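To start, the structure under review is shown below, and the notes come after it.
Every number in this text was worked out from the coordinates using simple rules, so none of it is lab data. Treat the numbers as computed from the prediction; the structure is a model and nothing was measured. Counting neighbours? That spans all protein chains shown, and the Cβs are built from the backbone with ideal geometry, glycine included.
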Amino acid sequence: MSFFNWLGLLLIVIGSGFLGYEHYSIRTGQVVQGSVIELLLSRGSKGGTLYAPKIRFTTLDQREIVFQSGMATSEPGVAVGDLVPLSYNRSHPEKARILRFGYRFAIWYCLVGVGLLIVFINFGFMYGNEFIRKTYLS
C-alpha cells in the first residue's frame, strides 16, 4: 500500500475519532436552548471581522450560565436574541458548546472527506494503467 493510501486512511481514522468524541459528548451531556446576548467582534489574520456569540442559558439545576463560543466566524450565523441549541457537560456547564453541524462536526467532516478523496485519487492512479491496458489495449 502506498504512502498516500496510508495518509488517507490515517485522516479517516483521526476524523472518525473526532466524530466519536463529539457524538459521545453530546449523548452524555445535556441539551438545552440558549439565548444569544451579544456578538463579540474581533479581527481576523487578514483584517476581516470575526463574530463569536456570547450566550446565556439555564442548567437543569437552575444555574444561569453565560459563555462565549470558542469559535469565531466571518458570518455571524446568529443574531442577538436568537435561540440556539447547546450541549454541556453537567459537571462543567461553563464549557457548553453550540449544537450545530459546523461547530461540532466540521473537523470530522473535513478530515474524513479529504482522507476519502486521497484514497480515491490514489487508487485511480495505482490501477488506472491496468484499466487502460485491459480496456483499450487488449
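The single condition from (1) in contact (Cβ under 8 Å) with a residue 12 or more places away in the chain; (2) surrounded by fewer than 17 Cβ atoms within 10 Å (Cβ to Cβ); (3) out of contact with any helix residue (DSSP H, G or I) (no Cβ under 6 Å at 6 or more places or on another chain) that Y51 fails is (2).
Could you please let me know if G124 is small (G, A, S) and under 22 Å from the mean Cα position of the chain (by Cα)? When the stated conditions are applied, G124 does not pass them. Within the range 33-86, restricting attention to residues that are among the basic types (K, R) and not in a strand (DSSP E or B), the residue that is nearest to I98 (Cα to Cα) is R63. Taken over the range 15-53, the criterion of being touching a Phe, Trp or Tyr at 6+ places or on another chain (Cβ under 9 Å) and aliphatic (A, V, I, L, M) is satisfied by L19, V31, V32, L39, L40, L41.
Does the range 110-138 hold any residues that are of a type in the set (A, V, I, L, M) and over 30 Å from G17 (Cβ atoms), and which are they? Step through it out loud before you land on a result.
Of all residues in the range 110-138, those of a type in the set (A, V, I, L, M) come to 111-112, 114, 116-119, 121, 126, 132, 137.
I132, L137 - these are the residues of the range 110-138 that are of a type in the set (A, V, I, L, M) and over 30 Å from G17 (Cβ atoms).
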